[in-house]
Amino acid sequence: MRGGEAWARLLAQPGPVLALAPMQDVTDWAFWNLVHQYGGADVYYTEFFRVTPDSRLDREILRSITHNPTGRPVIAQLIGNDIPAMVRTAKELQNHPIVAIDLNLGCPAPVVFKKCAGGGLLREPERVHAILGALRDAIEIPFTVKTRIGFDDPQHFDKILEIFARHPIDLLAVHGRTVADRYRPGVRYDLIRTAAEAMSCPVLANGDVTSPAGALEIWKDTATRGLMIGRGAVRNPWLFQQIRQAFAGETPTLPPGREVLRYIESLFDTVTDPDYTELERVHRVKKHLNFLGTGIDAEGLFLHQMRRTTSRAELSRVAADFLDHDQPVALEPVAALEAART
Ligand SMILES: Cc1cc2nc3c(=O)[nH]c(=O)nc-3n(C[C@H](O)[C@H](O)[C@H](O)COP(=O)(O)O)c2cc1C
């Protein structure tokens, strides 16, 4: 298998393997660059490359591979269902510096699943079987899958796992919700464990990893090789390092309010494009602050005020009102604020 050494090194490290989850329009090159400065993940998934009969590789997503700012291994994710196009895209991608190619079987966006791609494929196990077979044959580097636990009913998860087990995939990331669940509370860690026990490849647990103590608990409860973290890393870019500290038996370092304030300013400077208008840049950074905001105050006042800002100065003032202090901030999400978002 090509590129197998980097893959073997990734999986041989002690403790949970920590992956940054793919998040379309959020975990782009700029965010990778920023999160890496806070310690970063062990492996980075790209946003999905959308694959259709006439698709070409998205240049912006490709940049996170060709100009990877983290120096850590990258997994390129595909979404689609057209087998010849998926094979063509996978072959093209494996000429770039990636350690693996991933198939998205979880996207809950109606525009995607109605076309029977992403999470929509979980309704058609035989089609999943055909896609996995074709991709496994075509891909010479490690091949991974990211799935949810079903389309609208987790009862069929066993059948989905049976199909995965028929193909020698190299890693499975399981988001413990169905597609119909979207992001509702109640991740089925028990079913992630079922996957870890059923599969012969390593499994990553995904869904609501939000604190260092919670991360280790989920890791142990699911008996997985590691954890995949999305929204938690946008809310708290220190989280990967905090988990490593917790695993080493140290007390995780919580950032003081002013450090969080600096993170918000850095977000503005890195994830927004200076060529855009100030209002467009404010809108862009709000995408990330919507995740951060559920971890600032229990009443949701930060979220409320932040969403109404229209300039960088206003945004900075609101952030300073909540965070211009030296007290440690845990950045754990308030359940009621999270639930209101789903
Ligand atoms: C805004 C957003 C974009 C996402 N984009 C993708 C994607 O491109 N590919 C994918 O497999 N999952 C995507 N997901 C799902 C995440 O990778 C992850 O499975 C989910 O957020 C649960 O993990 P978390 O609780 O750590 O965020 C996205 C999620 C969000 C909130």
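In a simple Cβ point-charge model (Lys, Arg +1; Asp, Glu -1; nothing else charged), the chain has a dipole of about 480 debye relative to its Cα centre. Summary of the geometry: segment 285-342 and segment 101-139, compared by the centres of their Cα atoms, lie 35 Å apart. The rule of thumb for compact globular proteins, 2.2 N^0.38 Å, goes into the C-alpha radius of gyration of segment 227-342 1.07 times. Can you give the calculated 222 nm mean residue ellipticity of the chain, where each DSSP H run of n ≥ 4 adds -39,500 (n - 2.57) and the sum is split over every residue, rounded to the nearest 500 deg cm²/dmol? Result for the chain, helices only: -13000 deg cm²/dmol.
The listed peptides 101-111, 153-163, ordered by packing as a protection proxy, come out as 101-111, 153-163 (highest mean of other Cβ atoms within 10 Å first). Applying Stokes-Einstein at 37 °C and 0.692 mPa s to the Kirkwood radius of segment 120-219, computed over alpha-carbon pairs, gives a translational diffusion coefficient of 235 µm² s⁻¹.
Take every Cα pair under 8 Å whose residues are at least 6 apart in sequence, average their separation, divide by the length of the chain, and the relative contact order is 14 percent. Normalised Debye scattering of segment 1-104 at q = 0.12, 0.22 Å⁻¹ gives log10 I(q)/I(0) of -0.38, -1.20, counting only Cα atoms as equal scatterers and leaving out solvent. Rg of the Cα atoms in segment 243-305, relative to 2.2 N^0.38 Å, amounts to 1.38.
Would segment 220-278 count as rounded, prolate or oblate if I go by the C-alpha gyration tensor, calling it rounded below 1.5 in a/c and otherwise prolate when a/b exceeds b/c, oblate otherwise?
Since a/c reaches 1.5 but b/c is at least a/b, the shape of segment 220-278 is classed as oblate.
Temperature 10 °C, viscosity 1.306 mPa s: under these conditions the Stokes-Einstein estimate for segment 183-267, based on its Kirkwood radius over C-alpha pairs, is 114 µm² per second.
Kirkwood-type hydrodynamic radius, the chain: 20.4 Å, calculated from all non-identical alpha-carbon pairs. Specify the residue with the greatest mean-square fluctuation among Pro252, Pro84, Pro22, computed from a Gaussian network of the chain linking alpha-carbon atoms under 10 Å apart. Of Pro252, Pro84, Pro22, the most mobile in the Gaussian network model is Pro84.
Where a number appears in this text, it was derived from the coordinates with a stated rule and is not lab data. Just so it is clear, the structure is predicted and the values come from calculations on it, not from any experiment. Ideal geometry is used to build each Cβ from the backbone, glycine not excepted, and the neighbour counts take in all protein chains shown.
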